[in-house]
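One structure below.
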Amino acid sequence: MADSREKLKDKKRIVIKIGSSSLTHKESGHLDLRKIEKLVRALCELRSQGRDVVLVSSGAIAVGRQAMGVAKPEETAEKQALAAIGQARLMMTYQRLFAEYNQVTAQILLTKYNILDNVSRVNARNTFEELFRMGVIPVVNENDTVATHEIEFGDNDRLSAIVAALVEADLLILLSDIDGLYTDDPNRNPDAMFIQIVTEITEDLLAMGKESSGSDVGTGGMTAKLTAAQMATDAGVDMVIANGDDMEHIYQIVEGDNCGTLFLAHKNKNFDLYHYVKRY
């Protein structure tokens, strides 16, 4: 286990996903600017170390809800309108904070179509590569404004794994509202045991993936995270689930400390991103 953690120090291309619940105050629903500033600082520090960094950020609909005073949208059109409002406000916040560290960032909005279409997929990959060459940190989200059931990823856990596979990252970090993977939901079962490392994603493990998200602003529970882990590890990407309440966890992970649950990559020679995305 120690050797596996130690190898995380050498990761050169890192995708970090943060969920809505980790970006907002539970009490008010407003953006937690102090936490976001710490996130941005950590990403800039990784970039200054010479690593390529991608941020997959949820929060557009949550921010739009707050801006318009909407409790919880039900209709697709309303969600898409709130996403359009919230995405602009969210990106403006990121731009301002990244600018404090003289770091250029870019927005990339994706739908499933962009991955399933061969030309769009290649163009997206080329855009990422050019941004890396320029030293830019891309901020990625699903294009909720135009996504429908047929072309949506469903949650940003899966999207982050797709992005990690697309850009051939070597580490994916999912920052969530839970410390990592447990044998059961620790909010309901005090005897649930924490799992430090996963070498193989078995059917029994997938069966443990209950929808455990305790927030009303996010969409991904443990099932989504295990699906993301399955995709990432098959693509040859190590993945860590860690608690997003403390951004110091980012440093701990890339410094090889025992933080979160580590899913070890096992490159599947038959891995094909198109078929994975079509399947999920």
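The values are calculated or read from the model by the stated rules, or taken from the named source; none is laboratory data. Computed from a prediction, not measured in an experiment: that's the story for all the values here. Note that each Cβ is placed from the backbone with ideal geometry, even for glycine, and that neighbours are counted across all protein chains shown. In case anyone asks, the SASA skips ligands and DNA or RNA and just uses the protein heavy atoms, side chains included. Shrake-Rupley method; radii C 1.70, N 1.55, O 1.52, S 1.80 Å.
In the stretch 152-174, of all residues being among the hydrophobic types (A, V, I, L, M, F, W, C) and out of contact with any Leu (no Cβ under 8 Å at 6 or more places or on another chain), the one that is surrounded by the most Cβ atoms within 10 Å (Cβ to Cβ) corresponds to Leu172. Selection of first residues in the stretch 195-207 that are modelled with pLDDT of 80 or more and of second residues that are in a helix (DSSP H, G or I), restricted to Cβ pairs under 8 Å at least 6 apart or on distinct chains, gives the following pairs, ordered by first then second residue: Ile197/Ser4; Val198/Leu205; Val198/Ala229; Ile201/Leu226; Ile201/Ala229; Ile201/Gln230; Ile201/Thr233; Leu205/Leu226.
Taking the stated definitions as given, is Leu55 within 12 Å of Glu248 (Cα to Cα), buried (at least 17 other Cβ atoms within 10 Å of the Cβ) and touching a Leu at 6+ places or on another chain (Cβ under 9 Å)? Against the criterion (within 12 Å of Glu248 (Cα to Cα), buried (at least 17 other Cβ atoms within 10 Å of the Cβ) and touching a Leu at 6+ places or on another chain (Cβ under 9 Å)), Leu55 does not qualify. The set of residues in the stretch 119-140 that are open to solvent by 20 Å² or more (accessible area, probe 1.4 Å) and touching a residue at least 60 places away in the same chain (Cβ under 8 Å) contains only Arg121. Scanning the stretch 230-248 for residues that are within 20 Å of His266 (Cα to Cα) and of a type in the set (S, T, N, Q) yields Gln230, Thr233.
Considered as a group, the residues in the stretch 63-87 that are open to solvent by 80 Å² or more (accessible area, probe 1.4 Å) and out of contact with any helix residue (DSSP H, G or I) (no Cβ under 9 Å at 6 or more places or on another chain) include one that is nearest to Glu142 (Cα to Cα), and that residue is Thr76. Inside the stretch 223-280, residues that are open to solvent by less than 10 Å² (accessible area, probe 1.4 Å), β-branched (Val, Ile, Thr) and under 14 Å from the mean Cα position of the chain (by Cα) make up a count of 4.
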